[in-house]
Amino acid sequence: MTLRSRLLILLSALVVLTAVALTAVLHASARAERRDQAQAGGPEVTAGRVTLTTPHRMVFRNMAWGPHRDELTAVPASDPAAPRTASGVKCLRFHAAAGTGVCLQAVHGPVSDTYRALVLDADLHATAHYDVPGIPSRARVSPTGRYAAWTAFVGGDSYAGTDFSTRTAIVDTRTGELTPSLEAFRIVKDGRTYHAADVNFWGVTFASDDRTFYATLATKGSTYLVRGDLRSRTVTTLHPNVECPSLSPDGTRVAYKKRVRGLPKDAPWHLYVLDLRTMRETPLAEPRSVDDQALWKDAHTVVYALPGDYGADLYETPADGTGKPRRISVSAVSPAYLP
C-alpha cells in the first residue's frame, strides 16, 4: 500500500469519526432541549416559595421534563401527586430535617462537571458549601439538623459492580467542622480493630442523639451494617449483607437493601427491615430490585425510588413485610418529609 493510500484511509477514518461525534453532540443537544419542555400528561409544576419549615410537606427533586427539571419541589405529604411548587434550587441528591437541608449539586464546567455539597437553611439559602470528590450518590441530615452526610462515587458508577470506590463525609452544620471521609474512623470488626486498604463506606443514617449513626462498610467483597460514634470516631460492625441503611423514627429498626442470591448481577437487591434489638430480618413486599436508600415516611412505611419513564418514580410499602408496594409520585427522587 502506498503512502498516499494510507493517508487517504486515515483521512476517511477521521471524517467518519468526526461525523459520528457531531451526530452524538447534536442528538444530546436535541434531547437536552426536549427536557426543557414539559411532557404531555406529566405533573403540574409551577414556581413558588418552598421552605423547610412548612409542616406536613414532602420536598424532593423534581425529574419531570420542563423548565423546573431537577429543582427542589414541594407537595402536601398527604397528596404526593398534587401540583408541585418549584423552588429554583437544583440538586442531584437532597435531604432535610429540622429546618436544615443538604443539596448535592453539579457545577458545569467547560470541559467536565465538578460537584459540591450545600448546607441549606430553612429558606433554601446556602449557608456553607464543600467540594465533593465524585458523582453524588446519597445524602442525609440528622433528625436535629446538627449533622449532614453525603456519599460520592470516586470510581465506577454502580454498587452492583466491583470497580468502584466511595467517599462519605460528615459535617457539623453548626460549627462547619468537616470529616472528609469516614475512612479516618477506627473500625471495630468482630471485637478487634480492623485495617484494610479496600475499605469503603456509604449510606449514612443518623440517630436523634447527635452522636450515633449507621452506615454501610464494604471490605473484602462483603458489606456490613456498622454503628458509628461521632465522639469516639469509631465504627463497629453489627450485621452482614447490609447496604444503604435507613434508621426508623424510633431508632429501633433499619430498612436497607440486601443482596440476594439468584437475582441478576445488575439487579441483586431486595428490601429488608432489621430489628436492631433482636437482629431479626423481615423481607418487604417490594419484588423489584431497589437501588436506593429507603426513607421512613413514618413508623410504618418506607419510601424509595425505582426507575421510571423520566428518571425515577417514588413508591411506598409497609415496613412489616405485609401489603404491597404503591407508586405515590412520578418523576421524583430524594424525598424528605417535613413533620
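The values are calculated or read from the model by the stated rules, or taken from the named source; none is laboratory data. Everything numeric here is computed off the predicted structure, so don't read it as measured data. For neighbour counting, all protein chains shown are included, and Cβ atoms are generated from backbone atoms with ideal geometry for every residue, glycine included. Areas reflect the complete protein model, heavy atoms only, side chains present, ligands, DNA and RNA absent. Shrake-Rupley method; radii C 1.70, N 1.55, O 1.52, S 1.80 Å.
Candidates Arg61, Arg49: the one that is more than 20 Å from the chain's Cα centre (by Cα) and at pLDDT 95 or above is Arg49.
Kindly indicate whether Thr278 is at pLDDT 95 or above, open to solvent by 10 Å² or more (accessible area, probe 1.4 Å) and assigned to a loop (DSSP other than H, G, I, E, B). Here the answer is yes, as Thr278 does meet what is asked. Of the numbered criteria (1) open to solvent by 50 Å² or more (accessible area, probe 1.4 Å); (2) over 20 Å from Ala96 (Cα atoms), the one Leu284 fails is (1).
If you filter segment 73-83 down to residues that are touching a residue at least 12 places away in the same chain (Cβ under 8 Å) and either out of contact with any Phe, Trp or Tyr (no Cβ under 6 Å at 6 or more places or on another chain) or open to solvent by 40 Å² or more (accessible area, probe 1.4 Å) (or both), you find that the one that is farthest from Thr46 (Cα to Cα) is Ser78. Of all residue pairs spaced 6 or more apart or on separate chains, those with beta-carbon atoms under 6 Å, a first member in segment 93-108 that is open to solvent by less than 20 Å² (accessible area, probe 1.4 Å) and a second member that is assigned to a strand (DSSP E or B) and of a type in the set (S, T, N, Q) are Phe94/Ser334. Scanning segment 176-207 for residues that are free of Cβ contacts under 8 Å to residues at least 40 places away in the same chain, in a loop (DSSP other than H, G, I, E, B) and open to solvent by less than 20 Å² (accessible area, probe 1.4 Å) yields one hit, Val199.
Out of (1) part of a strand (DSSP E or B); (2) open to solvent by 30 Å² or more (accessible area, probe 1.4 Å), the odd one out for Thr216 is which? Only one criterion is unmet by Thr216, namely (2). Within segment 120-147, if we keep just the residues that are within 26 Å of Gly48 (Cα to Cα) and assigned to a strand (DSSP E or B), the residue that is most open to solvent (accessible area, probe 1.4 Å) turns out to be His129. Considering Ala106, Ala97, Ala86, Ala74, the condition of being under 16 Å from Val171 (Cα atoms), at pLDDT 95 or above and of a type in the set (A, V, I, L, M) is satisfied by Ala97 alone.
Just need a number here: residues in segment 288-339 that are part of a loop (DSSP other than H, G, I, E, B), under 19 Å from Arg253 (Cβ atoms) and free of Cβ contacts under 8 Å to residues at least 40 places away in the same chain. Of the residues in segment 288-339, 4 are part of a loop (DSSP other than H, G, I, E, B), under 19 Å from Arg253 (Cβ atoms) and free of Cβ contacts under 8 Å to residues at least 40 places away in the same chain.
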